[in-house]
Amino acid sequence: MGLLSEGHPLAWNEIKAALEQLRTYGVDQLLRVYSKCKDRQRDSFTWGDELEYTLVKFDHENKKVQLLLKAHKLLPILHELNKKIDDGECCIAWHPEACDFVVEGVPFQPYGFLPSHLNTVEANMRLRREQVQKFLSEQSDNEFILNIAAFPRYGQGEYTFPPVECSPAHSTEKSLCFPDSLISPIHPRTKSLSENTNERRGAKASINVPIYKDTCTPIPFHDELFKDDPNIIDDHIHLDSTTAGWGCCCLQVTFQAESCEESLELYDQLLPLCPILLCLSAACPIWRGYLSDIDCRWNIISEAADDRTAEERKQKNLFSRYCSTPCYLTDKNKHLNDIKIPVCETVVTKLIEEGMPETLANHFGHIFIRDPLVIMDRFLHPTDDTNSYHFENLNSLVWNTLRLKPPPLDDDKMGWRVEFRPMDIQMTDFGNAALTVFLALMTRVIITYGLNLTIPISQVNENMNRAHHRDSTRQEKFYFQSTTGVTEMCMNEIINGTNDFRGLVPLVRQYISEREDIDADTRYTIEQYLLLVSKRAAGTLLTNASWIRQFVLSHPSYKQDSIVSEEIQYDLLKKIEQISNGREDCPQIKHPKMETHTELHAH
Ligand code: ADP
Ligand code: MG
Ligand code: MG
Ligand code: MG
């Protein structure tokens, strides 16, 4: 998660004392980056995905499954293993994550511009899973690496192995069910981030998730664990820690653009696609052991990572620093920024004076209203002008659905990149590869055909809310740009087309058909991915969330009371393990005939 760095993190009061100085360092570094890199041209189309994997341990005798706190042991082994692999395309970069039951896997070498790279994504994802599974299986028959966007009973009962004590005394935040021992011991940023978020906010996190009201769910529903907590709301599941959010897993994809200009254009066009892909990727219907009325994780982390004080929450348009992308970046789309976000005026003025266009300057001016919640002591005062630590650190501590990543000062190989961040992780490599490749192709379609998908920010925000709703792919409509202007369309129309809009999948198919340099295997694989996206949007295949929900509702021991018991969770995760390791088909989420021909090497 975010920029990694070794060293000792500063305490919040130390950071607080240096805020003005830190902002000056950050702005100066941004200006150096901008003046050095704004005219950079002809960078190649490189790109890569990030997958967050969950480690679990099954207890077959007692029909239980628990989160396995083992990432700190696995990561050094994985680093050693990959150091010995000299083929960059078969090498994986493993990163620690906030929680000790999560590891993040990234292709060591980003994918390139050749079409056959699109055919390596799934093989690379499979390799990642195999690398970890091999080590887990050497030690136990019961330990697995899975892709789960939110562990169903995270925060409920005894949900970890080894067991950890859950009580306010074991949590810096005084959480009742998310103790500090969940936090990765080898990621010094995380503990500091949780502590500083909490200190800055002046209260512990308070997250209320609407419960799914089944026929036997008590009316009103009270979350028993929190019965004495003034923050709870009737008919809501309660979560009381930043760690509740940081334990969720996502799929992110980063694209390098040819130039700064192209990266801004790409950012603006991907912005309205964020809620659309969040909706298609929905995979989180269960929270703390209860079926909820939402399908996605985004808004949960948004509340968990929120560092605003009580006063700041009252300020208009000052949202959580983890939120939907708040503005377009190019001047031509300025009129669509219809929600006026607060900015640091002195920063904006300075950036404009140095030649940055107004809309981009406003974007950065908004980032600079946030405090850098984590600072490693050895970077506090820069000793020279060769790196852009303070800018990148702050940029990586603002979590929007998109992130503009300018080239770092100390790496001339890196160009302007856009990171796409809204999606829930999918249970299978096929599912993750399908969304990743679809999105990569969408970037080509956007640039090749000069697509204009932009709609006002207020409508994007509304789409984000709708995307969270239960079964939103089939039940909701979304604001979308058609040839006749912005209209409300259902997911099937957006993806598969209407009289007024070609449809995103037909546009990708057109692009593929016009390219003559795509080999047969790659074409075949891409078509399977497009079928998945198309059928999911049409409702003939289920999102992961809808399938998980159905699994619970039809489980023989489910009592129509919204409770996902240990046993239901055990059966669900066992099923997910079987499906994701190819031992069982799941025709509701992927037609068995959707086979791909992926390989590790592009050619
Ligand atoms: P973060 O967690 O800050 O987003 P990571 O290093 O975990 O950063 O992930 C970066 C992603 O960007 C990976 O998918 C990686 O493959 C990709 N990537 C790295 N270098 C480039 C590049 N030059 N162009 C495009 N993508 C890149
Ligand atoms: Mg991550
Ligand atoms: Mg990462
Ligand atoms: Mg990332």
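How many nm is it between the label spots at residue 317 and residue 339, if each spot is 7 Å from the Cα in line with the beta carbon?
That separation, rounded to one decimal, is 1.0 nm.
Check residue 250: other-chain or 5+ apart residues with amide H under 5 Å from its amide H, H built from backbone geometry?
Distant-sequence amide H within range of residue 250: 52, 425.
With Cβ to Cβ distances under 13 Å as the rule, what net charge do the other residues near residue 387 carry (K, R +1; D, E -1)?
So the surrounding residues net to -4.
Mind listing the phi-derived Karplus ³J(HN,Hα) values for the stretch 387-397, rounded to whole Hz, using 6.51, -1.76 and 1.60 with θ = phi - 60°, and x for any glycine or proline?
10, 10, 3, 5, 5, 5, 4, 5, 4, 7, 9
In whole Å and largest first, what semi-axes does the C-alpha gyration tensor of the stretch 397-516 yield when each eigenvalue is scaled by 5 and square-rooted?
25, 20, 16
Show me, bin by bin at 5 Å from 0, the whole-percent P(r) of the stretch 181-287 based on Cα pairs.
2, 9, 13, 14, 14, 16, 15, 9, 5, 3, 1, 0
In whole Hz, with x marking every Gly and Pro, tabulate ³J(HN,Hα) for the stretch 176-192 from phi via Karplus 6.51 cos²θ - 1.76 cosθ + 1.60, θ = phi - 60°.
7, 9, 10, x, 4, 5, 6, 6, 4, x, 10, 10, x, 5, 5, 4, 5
With +1 assigned to the C-beta of every Lys and Arg and -1 to the C-beta of every Asp and Glu, and no other charges, what is the dipole magnitude of the chain about the Cα centre in debye, to the nearest 20?
Charge dipole of the chain: 680 debye, to the nearest 20.
At q = 0.15, 0.21, 0.25 Å⁻¹, what is the log10 ratio I(q)/I(0) for the stretch 492-587, with the Debye formula run over Cα points and no solvent?
Summing over Cα pairs of the stretch 492-587 leads to -0.77, -1.04, -1.23.
Taking just the C-alpha trace of the stretch 70-204, give me its Rg and Dmax in Å.
Here Rg and the maximum Cα pair distance are 17.6, 54 Å.
Per Stokes-Einstein, at 25 °C and 0.890 mPa s, what whole-number D in µm² s⁻¹ belongs to the stretch 255-327, with the Kirkwood radius over Cα pairs as the hydrodynamic radius?
D, rounded to a whole number, is 166 µm²/s.
Measure out, as a whole number of angstrom, how far apart the alpha-carbon centroids of the stretch 147-168 and the stretch 322-364 sit.
Using only Cα atoms, the two centres lie 41 Å from each other.
Search the structure for amide H atoms under 5 Å from the amide H of residue 294, placed 1.01 Å from N in the peptide plane, and list their residues when 5 or more places away or on another chain.
none
How big is the gap, in Å, between the Cα center of the stretch 21-93 and the Cα center of the stretch 253-267?
Between the Cα centres of the stretch 21-93 and the stretch 253-267 lies a distance of 20 Å.
Around residue 300, with a cut-off of 13 angstrom between Cβ atoms, what is the net charge of the other residues, counting Lys and Arg +1 and Asp and Glu -1?
Counting the neighbours of residue 300, the net charge comes to -4.
What does the charge count near residue 362 come to, summing +1 for each Lys or Arg and -1 for each Asp or Glu among other residues with Cβ under 11 Å from its Cβ?
My count for the surroundings of residue 362 gives -1.
List 154, 389 from most exposed to least, where exposure is judged by having the fewest other Cβ atoms within 10 Å.
389, 154
Using per-residue counts of other Cβ atoms within 10 Å, averaged over each peptide, order 395-401, 13-19, 34-40 from highest down.
Result, highest mean Cβ count within 10 Å first: 395-401, 34-40, 13-19.
Is the stretch 464-528 best put as rounded, prolate or oblate by its Cα gyration tensor, with a ≥ b ≥ c the root eigenvalues, rounded for a/c under 1.5, and otherwise prolate when a/b is larger than b/c, oblate when not?
Because a/c hits 1.5 or more and a/b fails to exceed b/c, the stretch 464-528 counts as oblate.
What's log10 of I(q)/I(0) for the stretch 420-471 at q = 0.15, 0.24, 0.30 Å⁻¹, Debye sum over Cα points only, no solvent?
The Debye formula, applied to the Cα set alone, gives -0.61, -1.08, -1.07.
Which pairs, out of 63/593; 70/575; 70/593; 57/593, put more than 29 Å between their alpha-carbon atoms?
63/593; 70/593; 57/593
Quickly rank 447-455, 432-440, 573-581 as a protection proxy: mean count of other C-beta atoms within 10 Å, highest first.
The peptides rank, most packed first, as 432-440, 573-581, 447-455.
In what order do 298, 47 fall by count of nearby beta-carbon atoms within 10 Å, going from fewest to most?
Neighbour counts put them in this order, fewest first: 47, 298.
Give me the one-decimal nm value for the distance between modelled label points at residue 234 and residue 484, 7 Å along each residue's Cα-to-Cβ direction.
About 4.4 nm separates the two model spin labels.
Using the alpha carbons of the stretch 1-112, what is the convex hull volume per residue in cubic angstrom, as a whole number?
178 Å³
Let me check against my output: what whole-number percent is the relative contact order of the chain, with C-alpha pairs under 8 Å and at least 6 apart?
Result for the chain is 21 percent.
What whole-number volume per residue, in cubic angstrom, does the convex hull of the C-alpha atoms of the stretch 1-602 give?
Once divided by residue count, the hull of the stretch 1-602 is 149 Å³.
Return the long-range amide H neighbours of residue 541 (sequence gap of 5 or more, or a different chain), with a cut-off of under 5 Å between placed amide H atoms.
536
Looking at the stretch 312-401, which GluC sites (Glu not before Pro) are DSSP coil and have at most 16 other C-beta atoms within 10 Å of their C-beta?
354
Using the Cα centre of the stretch 227-384 as origin and beta-carbon charges of +1 (Lys, Arg) and -1 (Asp, Glu), tell me which of 269, 242, 232 is placed farthest towards the positive end of the dipole.
Of the options given, the answer is 232.
Sketch the reach of a paramagnetic label on residue 498 as a point 7 Å from Cα along Cα-to-Cβ, and name the residues of the stretch 459-492 whose backbone nitrogen lies under 12 Å away.
477-492
Between the stretch 480-545 and the stretch 375-391, what's the alpha-carbon centroid distance in Å?
Measuring centre to centre over Cα atoms gives 45 Å.
Throughout, read-outs are computed from the coordinates displayed, never taken from laboratory work. Just so it is clear, the structure is predicted and the values come from calculations on it, not from any experiment. Please note: Cβ atoms are built from the backbone with ideal geometry, for glycine as well, and neighbour counts cover all protein chains shown.
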